[in-house]
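Note sheet for the following structure.
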Amino acid sequence: ARSSVVHNFDVFALSSGGHGATEPQVLKVESDLRDVVGASTVVVPAGSSATAGVKYPLTFSPLVSGSYFGSVTFTNEATREYLWYTVEAAVSPPEPETTLEMRAAVRGAVGVEIRLNNPLGSATTFTVELRGRGLLGPSTFTLEAQQSGVYELVYSPLFVTGDAEQGEEGAILFASDAVGQFWYRLQLVANAAEPQTLDDMTCAVGDVCTQPLWLQNPSDRELTLQYRVTNTRNFSIKGSASSKDTAKAATRVLLPPFGRASVVVEYTPSSLSDFESTSIIFFEPGVASDWEFIVRGRGRAPSVMKPLVVTARVQEAASTLFTFRNPFAAPLRVDVKLVAEENGSSPTPSASPPPSAASTPSPVFDMLLKKRRVLLESFGLLQVPISFLPRAVSETRAELVIRGSDEYAELEWRYPLRGVAEAPLHPRALAALVCQARDSVEKRVECELLAAPTDMVLEDESFSVEWDIDVERFGVMATAAAIERALTVTPQPSLSSPPSRSLVALSYLLRFDPLRPYRGSVALLIRKKSGGLWRFEVALDAGDPPVDDVLSIESSLNQTSSVTFQLRNQFREPAAFQAEFSAGSSSAFTVYPVQGVLPPYGSADGAAFVVSFTPTGYGKMQSGQLAIVTEEMQWTFNVKGALYHCFLWVQTISSLDENGDGVGVYATASSPEMQVVVPFTAPGDELQVELWERDLQSREKFVAGKRREAWPLFGQLVEVTTPSAQRVVPLCHKYFGACGGCKVQHVAYAEQRRSKQSRVLELYATRRHSPDMEVRELLGVEAQDGVDEAAAVYHYRNKMEFTCSTGRWLLNEDKPSEDPTTEGDLAAELPRYPFTVGMFPTPSISARRAKQRGGKGRRKGRGAWSPRILSLDECLLQAPACNRVLQQLVTRCEATGLQAYDFHSHEGFLKQIVLRRGVNGQGCAELMLGLVTTTFDGEQSELLQRIVSDLVDEHHQELLAEEGDDSRLVSIVQTLDSEAQRHRHGAEQAAIATDEDAVTERVLFGRAHLEDSILGHRFEISFDSFFQPNSMQAGVLYREIQRMLAALPEKPVVWDLFCGVGSIGICMGAFAEKVVGFELVEAAVERAKVNARLNGYSSEKMQFFCVDLAKNWREDELLEQIAAGAKGGEPSSLAAGRPDLVIVDPPRAGLHKKLIKMLRRLAPRHICYVSCNPQSQVVDLEALCAPARPEAGEGGVYRVRHLQPVDMVPHTPHIETIAWLESCVSSD
């Protein structure tokens, strides 16, 4: 980089005969390789041959290292012949500016400042690449014009380098397209860090003390640290296997990037005089070197230790086992005694009652240790059993005293004992709170304080209440916090006249406000401040809430029908949910999803639920109850499933309709003749179909009442009894019938052409605009260039769009088998597919019936479409090279965890994959990969860039070098999906997305366009440019328009409306005096101007303008705008000239009414109407051929001379038609 190399290309004379040129040839030189300089033309002398020519020097001066791909073309503009070379250059980085040494201790940091200058007159941004472990710094650095700045590079290593003096090599590279590339070599030396010393720890022997230890991560990566402790007898990490606290099992310490975390060091002393120490070392093999901490500790004499709490019911003994550990390495002899507290006085030694004193009550606390003097071995254990037998609801205190002897006689461990008495269980439940969910109930209760102390004065005591809730009794999604929020306890004045003086009771008002069903018991705890606890059982019985809605679904036998609805949480925070049918519901019902998160109250979109009904047998209406439950709330839906009453009908398919479905006839003596539509059938098939009586009755009512044109009947195919001779085996047999793409693969291509021709004739037969209109024979795909017709009707599409989703539509062979002997939830056993790429599935007959009835059967008009995608690993309509790119990309996305778009929550990242293919002017195929995402930022976007880099670097050659395939991946583009932004951020983000300055597309590899050619004309096509999907048939269509123009007496001035990237107008350039194109999308207009120059047309010959053709343009205003130049463009030379011919190629909806009025006022001699939708075209032609209205300024009256159908997309029902209109004089 930042140097030059000159390469001499051999340039020969170009002549169709292959002999030497008799005159010098001037060849135009073009190249799409960047950073090249050379003459724009080269002259080949006369007499040069195809083997002897001249040398053309081209200077290549790359500013940045990397791989460069491009071509150099030498074109004879007189003969349109050309010679071209493919260029591939590998550019290495330049020599380093200098070497910088950076030396730091592990986990320390050292910085260096690098001064950069921008000599240009505009701002420039440098891309910064860091090579080496432990380097930190911004990934970009921007300098304003003529400015200098300092880039701060930080070296914070985590691992000791192998050579303490030389270290390891690194580099920092700066690259800018305008300035170039330069770099610095780095000498990185990381030395071991000194151990860190913690504060000394001290506590009583026999006890455990703790100290936090903080770890700081100085790097930009997450660390998973292991650790080791050298002195495990006295020290441990809390939560580890050696820790006294084994409630947690922490074996690793996670440190977030640039974050910190703490661990707790535990110390158990075993010495009263000497310090005990340890080293605690943290490390991650291969990532972080030893991270050492030193800590010391020393014990002190014991005194009062941590208390022990024992709980028991009155008159019921409870036992606990206390464990004492000898803290010393030497044997320890101890004396053990229990000192009880009597009547609030100081604790006194407890003695067991003599055997003769049978009437003497047993002590409240008792030590059940046979030997009171015990010898403990080194670090030995002593287990002391203690009994607690309370006589009243009060609190009792005592002390367990362990005293050393011999040389440890001065040591005494005193463990306070606290006995909490609970009242005996009340013989009956305190209350039963019964109501329906979303209702409430109140009840006043009297809580009798059984076994209260006889000397207790109620007015002198303080009481508190709480709930003890066992959530396992209350079913799915229940939580103790939610149940407690539904319960309210309010103290009430005591009864004025108690039943007896011995009864001590407290009054409370209990209120229960459930939002979901609860059935079970909870405990109301009344705690006395001076000690004591009463427990009362409260029964909760909250029945099912009112039914929120009734869902009715109708379906035919073994067919699935669905309804969809949305749900939001009732509170202003999201809530996890589970959805399931009750135990008595029919197994024919399913719900998706079965779990997830409800958006908070007030969200624009709720969670979408799909309820499906698949009847498997005849019988009465089936029912079920769907419950959607969160921790706070339950929604209930009654679901009714009805089997359509149907009957079998034998019929023969006569034709295909506009959707590619087979059409037959149903007729009886008592009913009129009706059309029956049966998908995936062929003309001539004899079959059995299933018809629904409800559809038949509705159809007959519309026919009899003549209220509107009756809809056809939909028939469910049962069996093809006699296959038609026109039926063939679909080549795409794996996905045919499920994929929503090509629908008539099962019909022979000759029959497809005949069927499309018949449809056009039938459509125009009843709405004939001109008596002498000629409908020509459909132009289908023909065998050419050694490719037979059977192969030419596949792999023809130059653009395919694939949807990405978190939901997958399963084929029958992918679904789990349903074994009636297997227990469990079948939905829970379904495999999960977090990343699916493919097409939307074909809608079922039930869904099409629902759509036909105007939304009935669909939940509140939201539609019953499924967000699940049919997974495809190839599509036979696109080129094999595109399929390989798709497979390689999907494999990497699945392996790296790239997120697909979730159509329910509108979360996720990758929403669509678009593949385009073109053939450039040299005959080489070019591929473009488009990735539609929800954002440009974040980890997922960085992950996508790595995937793209791997796809290009590791597999580009093997994808393109296979025999017989010269395809070349030239572009990978990422675009922002505005619809996902609106769902995620609302109107504010939508406004940002429509801002002209907002960046919605960026190039990840190569250039921003690919090249395709039609009829020898070259076109640059961007990601979002409209272009005919079949380049070969587009040539057939354009050639037909050329013939129409060639038949005119003189070259016309042509207006090309909806011109896109200018393909039609440019192909007509040789047959037109001038061409003026109009397009709404400004980017397409700019691309059309580029394409005109690419094909040698000047701005005088062809002009393109950005115009909204839906506005009510006056033709004079439009002509003035063209003359002045649109949007600041170059002035037009058309003055106020009107067109002789207008070519229109509108979207499927057809021409706007305002545009039709403008065309009639403009009154060109000819109109060429190209349409992809004959249904809308025939309506527009009626408007264009209607009688003129002079009062509206209409002077143009037209008739259709001929209509030319073209099969643009085989295996689909779509037809492209060309209508040629000529002006005629209207009759008065």
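Annotations
- Filtered residues of the range 199-237 (kept if more than 41 Å from the chain's Cα centre (by Cα), surrounded by 16 or more Cβ atoms within 10 Å (Cβ to Cβ) and not polar (S, T, N, Q)): M201, C203, A204, V205, G206, D207, V208, V229, F235
- When the range 570-594 is filtered for residues that are among the polar types (S, T, N, Q), within 11 Å of I628 (Cα to Cα) and either touching a Pro at 6+ places or on another chain (Cβ under 6 Å) or surrounded by 13 or more Cβ atoms within 10 Å (Cβ to Cβ) (or both), only Q578 remains.
- One residue stands out in the range 978-1014 among those that are acidic (D, E) and surrounded by fewer than 19 Cβ atoms within 10 Å (Cβ to Cβ): the one that is modelled with the highest pLDDT, namely E1001.
- Residues (under 21 Å from V393 (Cβ atoms), in contact (Cβ under 8 Å) with a residue 60 or more places away in the chain and among the hydrophobic types (A, V, I, L, M, F, W, C)) located in the range 519-554: L524, L525, I526, L533, W534, F536, V538
- Odd one out for A608, checked against (1) under 30 Å from A480 (Cβ atoms); (2) touching a residue at least 60 places away in the same chain (Cβ under 8 Å): (1)
Condition check ((1) surrounded by fewer than 22 Cβ atoms within 10 Å (Cβ to Cβ); (2) at pLDDT below 90; (3) over 24 Å from R1201 (Cβ atoms)) across all residues:
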| position | (1), (2), (3) |
| --- | --- |
| A1034 | no, no, no |
| V1054 | no, no, no |
| F1071 | yes, no, no |
| R1087 | no, no, yes |
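- Subset of the range 193-205 [assigned to a loop (DSSP other than H, G, I, E, B) and small (G, A, S)]: A193
- The residue of the range 55-78 that is nearest to G1096 (Cα to Cα), among those that are within 39 Å of the chain's Cα centre (by Cα) and in a strand (DSSP E or B), is S71.
So that you can scan it fast, the table gives a plain yes or no per residue for (1) crowded, with 16+ Cβ neighbours inside 10 Å; (2) at pLDDT 90 or above; (3) within 52 Å of the chain's Cα centre (by Cα):
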{"position": "S3", "(1), (2), (3)": "no, no, yes"}
{"position": "F12", "(1), (2), (3)": "yes, no, no"}
{"position": "S16", "(1), (2), (3)": "no, no, no"}
{"position": "E23", "(1), (2), (3)": "no, no, no"}
{"position": "V29", "(1), (2), (3)": "yes, yes, yes"}
{"position": "V37", "(1), (2), (3)": "no, yes, yes"}
{"position": "S40", "(1), (2), (3)": "no, yes, yes"}
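- Contacts under 6 angstrom Cβ, first residue in the range 499-518 being basic (K, R), partner modelled with pLDDT under 90 and in a loop (DSSP other than H, G, I, E, B), 6 or more apart: none
Residue-by-condition table, conditions (1) hydroxyl-bearing (S, T, Y); (2) under 19 Å from D1207 (Cα atoms); (3) over 37 Å from the mean Cα position of the chain (by Cα); (4) in the same structural domain as V837 (by TED's automatic domain parsing):
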site	(1), (2), (3), (4)
L713	no, no, yes, no
Q726	no, yes, yes, no
V729	no, no, no, no
K734	no, no, no, no
A738	no, no, no, no
K743	no, yes, no, no
H746	no, yes, no, no
Y749	yes, yes, yes, no
Q757	no, yes, yes, no
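- Of the residues making up the range 905-944, those that are farther than 30 Å from S1013 by Cα and either crowded, with 22+ Cβ neighbours inside 10 Å or in contact (Cβ under 8 Å) with a residue 40 or more places away in the chain (or both) are S905, H906, E907, G908, F909, L910, T934, T935, F936, Q940, L943, L944.
- The set of residues in the range 321-337 being aromatic (F, W, Y) and either under 60 Å from the mean Cα position of the chain (by Cα) or exposed (fewer than 14 other Cβ atoms within 10 Å of the Cβ) (or both) consists of F322, F324.
- Residue in the range 124-135 that is modelled with pLDDT under 90, on the phi > 0 side of the Ramachandran plot and not assigned by TED's automatic domain parsing to the domain that holds S289 present: no
The values are calculated or read from the model by the stated rules, or taken from the named source; none is laboratory data. From a predicted model like this one, the values you see are computed outputs, not experimental measurements. Cβ coordinates were reconstructed from backbone atoms using ideal geometry, including for glycine residues, and neighbour counts include every protein chain displayed.
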